[in-house]
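Report on the following structure.
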Amino acid sequence: MYDASLSSGAAPKPRGKSLLVQDARTRKRNAAEKRFRAYGMTAILIGLFFLVVLAVSIIRSGVPAFTQTVVDVEFTLTEEQYTAAEGELFKTKAYEGLLIEQIRDTLEARGLEVAFDAGAIERLLGKPGGTLREHYRANEQDLGSPVSFKLAAASRVDGYLTGRVTREALQDSRFMQASDLDLIDALVSADIITRAFNWNFITGADSGVDNPGGAGIGASVIGSFFMMLVVLALSLPIGVAASIYLEEFAPQNRFTDLIEVNISNLAAVPSIVFGILGLAVFIQFMHLPQSAPLVGGLVLTLMTLPTIIISTRASLKSVPPSIRDAALGVGASKMQAVFHHVLPLAMPGILTGTIIGLAQALGETAPLLLIGMVGFVARGYPDGVLAGFTEPNSAMPAQIYTWAARADASFYEKAWGGIIILLIFLLTMNIIAIILRRRFERRW
Amino acid sequence: MPILWLFLIVSGIAIAGYYLGLARVMRSAGGDRRHMHSLPSYYGGNVAIKAAVPALLLMLVWLLVQPMIVNNSVSALIPDSAIADASSRGLVLSEVRRAADGMDRALAQGTMDASMANDPQADPDDVTSRLQDAGAIVTSQITQPVLNAAQSYRMQNQRGNQFMSGVVIVLALLGALWGLRGAQADFRARNVVESAVKMLLIGAASIAILTTLGIVLSLVFNTIEFFRLYPASDFFFGTNWAPSFSGRGGSSDLGVLPLLWGTFYISLVALAVAIPIGLFAAVYLSEYASNSVRSVAKPLLEVLAGIPTIVYGLFALLTVGPLLVSVFGRDGLGIMQAGTAVITAGLVMGVMLIPFVSSLSDDIINAVPQAMRDGSYGLGATKSETIRQVILPAALPGIVGAILLAASRAIGETMIVVLGAGAAARLSLNPFDAMTTVTAKIVSQLTGDADFASPEALVAFALGMTLFVITLALNVFALYIVRKYREQYD
């Protein structure tokens, strides 16, 4: 009652501020808070958006490289036709004539009337006669029975089917004429032109500038593989040895300081400068062969060493001193303590760092441009292991660059396809590194 | 492959020495290892190290030095008159090397016999046709001086290789004997082996110094050579970049300013993209995001840093460029001529740099002590006010360091600008113009069949030197800032 009488005595003053109603200033501050948070969220979303765009454009533009347009014909060659064709002066021409007849028959059987000549077939298929002749000369038992041939179509057929070459934009040339498009349409509706998986892209070698359809990345994968062998064989032992010295033995003096400053600076030197080093020292000065995976491997080794040294030192540091003390306590020398106890315990971390360093080296392009790995047309696999190191070859990123720099737009598709393969390699390496880290990581 | 064989022989000697050493020390200790100073394997290792290390080192040095000596003596054989006007000594020498390799090939295939390969009076035309039969790549007709030089080149290399094999094997055997003499029970093998291993470790660590030395020397010597042919003041202050393509014409304008401007402009655009996005992402990740969001978003953003730059280059050339042209080009606003432009390269490079800025800044923001946040909240500040007025100022030196590192990365970036920025060197303010950078010009001047003695090729080394100095200065400055202000809040 007392309370009530008191409150009734003095009329309640209108409060300036209620906890339930926000004043203008608080509203402003809260809005600012919300805005700030939204900025952060937007930034993350923009970053992820770019990642998605990148992934989508790689996949959308790269996947067509893995398929190719093929002309799928069932072809029967009788014994008599074979001997007759082999007896002619232009043997492959004779085979071509037979093929054309067969295609005409197939089209007529489906009720499609298209006029075409040998020239049209050559524009679509290149020179199919040679392939046919080779097959029958090698497999004479196939004579008389139907054989299904998948003949690679020219890149412009590909372009027409994917929309790169349109009927309106097409100008008659020796590569393709407007009448050929009718033939292509007919062949497509007769299921003779289909798409098939392009093994040649994965296993084959680079083709010349005039044949985008035949270009493959296989030879440069081999080149990259030999380069990575060099990098692994040199950078792992050298990197581990250097880290062991710096982490376990080095006294605090000027020489050690100099090495440490050098390593941290080398880690930040632009990769192209390593290319200049490779060109000046390995090629001009030592006369090692240009474009050889050996030279590429040496340059990339120098580039990866700082990465490997930094990660190896971190994993050596994470081995607790009690391990060393225990080893020293039972009479091991310092060297024995390090090599028998510390190093094995640090090995998972070292391997993880090495794999990540290798993955970086695998994707590096700029230094390879300078040692001549670009523009070199790797037309085949190296013959033998030693030749793999010393003979000119290309590497995956250099090959991609070569394709991207060519004038013919149909090579761009190959470049994207090459990127898919490169990224698959990188992804695999990184996943292995993550698994290694998860399985063997030890918390002390 | 004689070098491989030599390597295998030396390794064989070392392995044999290892077991001989073991056997000998066992005999000397009377078959009881308790009488030895060290474990038996150290005695074996002592022999193996003494056999292999000096021999292999000698082989390495020999392989480096021999080509230089041979090249010099062969170069002296070629009279000036044998060098055509359009050619140079370097080109003739590589022709000599090709001819010599071709002779080896022809000998192996039997299209040429040994007496002909060594006969100085041999008919050059005949030799050329035989080499071409053997599939050797000889660009043109071999002349008499080239033939003689090639023969002398082969001869010297052969003799050198034979001599090297002999000396290396003898050295390996001597080393093994020296080690075997020490295989006595009271010899302190462990100490000797361990100090040798330590020397190897020091050698491995010194490779970092050697690499830096190699970079600096190869840049400095070639840059000096360049400045002898082309005045330094014209290089540093020239505003026109127009190398002549005729090969050895003296009419090139090689001013670095347009290239530097292109480099800085593109880097500026890239940083303008990367800094806001990266910083806000870092702030959000470290201050707002829940653990689950953080554990997904952070690795995903870092994927952007792991993608090879060639992928970004292609992305700029084939995706971003055409997209920008369709908006700003002739069909759109009409201010962009082609897909390759400053804005294209800058934008893509900015995307690449986002994780550099965000990851480093994230670590730095996390390192700001929690007490500072709590103090600010206690005074009634909101989260964003705390971040803006307390955390960011505290983390500023680190963030500046991160940005400087990103800038140095942007300046040294090659593939994106080679593919995305165009090739025209110009001083312009329009971001929709094509411009070029220092790195892109290093690539274009050093690829192809350039003659390394011409100023047009040597300029690339001067450009490399400029690039090296700028990035080094940025890195050192960044590290200095980070180190100087790092401990302030600990």
Extending each Cα 7 Å along its Cβ direction at B:Q184 and A:S333, get the distance between those two points in nm, one decimal. 1.9 nm
Most fluctuating of A:L294, A:L45, A:L77 in the GNM of chain A (C-alpha, under 10 Å) is A:L45
Per-residue Cβ neighbour rank within 10 angstrom, fewest leading, B:M199, A:M176: B:M199, A:M176
Output field shielding_mean for A:388-400 (other chain Cβ, 10 Å radius) holds 1
Using θ = phi - 60° and the Karplus form 6.51 cos²θ - 1.76 cosθ + 1.60, what ³J(HN,Hα) does each residue of region B:92-104 get, whole Hz, x for Gly and Pro? 4, 5, 5, 5, 4, 4, 4, 4, 5, 4, x, 5, 4
So what's the angle, to the nearest 10 degrees on a 0 to 90 scale, between helix A:293-317 and the longest Cα principal axis of chain A? 30 degrees
Rounded to the nearest 20 debye, what is the charge dipole size of chain B about its Cα centre when +1 sits on each Lys and Arg Cβ and -1 on each Asp and Glu Cβ? 1840 debye
D for the protein assembly as shown, whole µm²/s, Stokes-Einstein with Kirkwood Rh over alpha-carbon pairs at 37 °C and 0.692 mPa s: what number? 100 µm²/s
Taking a cut-off of 24 Å between Cα atoms, list the lysines near A:K414, but don't count ones fewer than 8 places away on the same chain. A:K127, A:K150
Compute the long axis of helix B:392-412 from its Cα atoms, compare it with the longest principal axis of the Cα atoms of chain B, and write down the angle in degrees, 0 to 90, nearest 10. 50 degrees
Considering amide H positions built from the backbone, and no H for Pro or chain starts, which residues 5 or more places from A:T67, or on another chain, come under 5 Å of its amide H? A:N198
Highest-MSF residue in chain A out of A:I350, A:I424, A:I46 [GNM, Cα springs under 10 Å]: A:I46
Set of lysines near B:K198 by C-alpha distance (under 17 Å), chain-local residues within fewer than 8 positions excluded: A:K334, B:K50
On a straight-distance basis, which lysines could pair with B:K298 in a cross-link, Cα separation under 24 angstrom, same-chain partners fewer than 8 positions away excluded? A:K34, B:K383
Under 5 Å from the placed amide H of A:R195, counting only residues 5+ away or on other chains, we find A:V70
Ranking of B:I207, A:I432, B:I365, B:I442 by count of other Cβ atoms within 10 Å, fewest first: A:I432, B:I365, B:I207, B:I442
Most exposed first, judged by fewest Cβ atoms within 10 angstrom, B:R228, A:R254, A:R443, B:R24 run A:R443, A:R254, B:R228, B:R24
Partner chain Cβ atoms within 10 Å, averaged over the residues of A:415-421 - can you pull that number for me? 3
Net dipole in debye of the protein assembly as shown [+1 Lys, Arg Cβ; -1 Asp, Glu Cβ; about Cα centre; nearest 20]: 5080 debye
Please name which of B:M112, B:T143, B:L177 has its Cα lying farthest along the dipole of region B:2-187 towards the positive end, using unit charges on Cβ (Lys, Arg +1; Asp, Glu -1) and the Cα centre as origin. B:L177
Placing one identical point scatterer on every Cα of region A:218-440 and ignoring solvent, what is log10 I(q)/I(0) from the Debye formula at q = 0.08, 0.10, 0.12 Å⁻¹? -0.34, -0.52, -0.71
One quarter of the C-alpha convex hull surface, i.e. the mean projected area of chain B in nm², amounts to 36.1 nm²
Using R₀ = 22 Å, calculate the FRET efficiency as 1/(1 + (r/R₀)^6) where r is the Cβ-Cβ separation of A:I424 and A:T162; round to 0.05. 0.45
Taking the Cα atoms of region B:174-289 alone, what are Rg (to one decimal) and Dmax (as a whole number) in Å? 28.1, 76
Rounded to one decimal in nm, the spacing of the 7 Å Cα→Cβ label points at B:A272 and A:R27 is 3.6 nm
Percent RCO, i.e. relative contact order, over region A:218-440, from Cα pairs under 8 Å lying at least 6 residues apart: 31 percent
Point-to-point label distance, B:D80-A:R439, nm (Cα→Cβ direction, 7 Å offset): 6.8 nm
Principal semi-axes in Å for region B:253-489 [√(5λ), Cα gyration tensor, largest first]: 37, 22, 15
Calculate, for A:K317 and B:A23, the FRET efficiency according to 1/(1 + (r/R0)^6) with r their C-beta to C-beta distance and R0 45 Å; round to the nearest 0.05. 0.65
Sorted peptide list for A:330-339, B:263-272, criterion being average Cβ within 10 angstrom, highest first: B:263-272, A:330-339
Once the mean of 1/r over all distinct C-alpha pairs in region A:358-444 is inverted, the Kirkwood radius in Å reads 15.0 Å
Once fully extended, how much extra length lies between A:I432 and A:L112, figured as 0.36 nm per residue of separation less the alpha-carbon to alpha-carbon distance? 109.7 nm
Quick one: Kirkwood hydrodynamic radius for chain A, alpha-carbon pairs, angstrom, one decimal? 27.9 Å
Given DSSP loops and a limit of at most 15 other Cβ atoms within 10 Å, what is the longest stretch of chain A that contains no such GluC sites (Glu not before Pro)? A:169-440
Computed E for B:Q121/B:L257 - FRET, C-beta separation, R0 60 angstrom, nearest 0.05: 0.55
For region A:72-196, convex hull of alpha carbons as volume per residue, Å³: 106 Å³
Along the positive direction of the dipole of region B:253-489 (beta-carbon charges: Lys, Arg +1; Asp, Glu -1; about the Cα centre), which of B:L463, B:L333, B:A478 reaches farthest? B:A478
Please give the average number of partner chain Cβ atoms lying within 10 Å of the Cβ of each residue in B:460-466, rounded to a whole number. 3
Backbone N under 16 Å from the A:F66 label point (7 Å along Cα→Cβ), restricted to region A:414-440: A:414-428
Using alpha carbons only, how many degrees (0 to 90, rounded to 10) separate the axis of helix A:178-189 from the longest principal axis of chain A? 80 degrees
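No value in this document is a laboratory result; all are computed from the given coordinates. Note that the structure is predicted; figures quoted are calculated from it, not measured. Cβ coordinates were reconstructed from backbone atoms using ideal geometry, including for glycine residues, and neighbour counts include every protein chain displayed.
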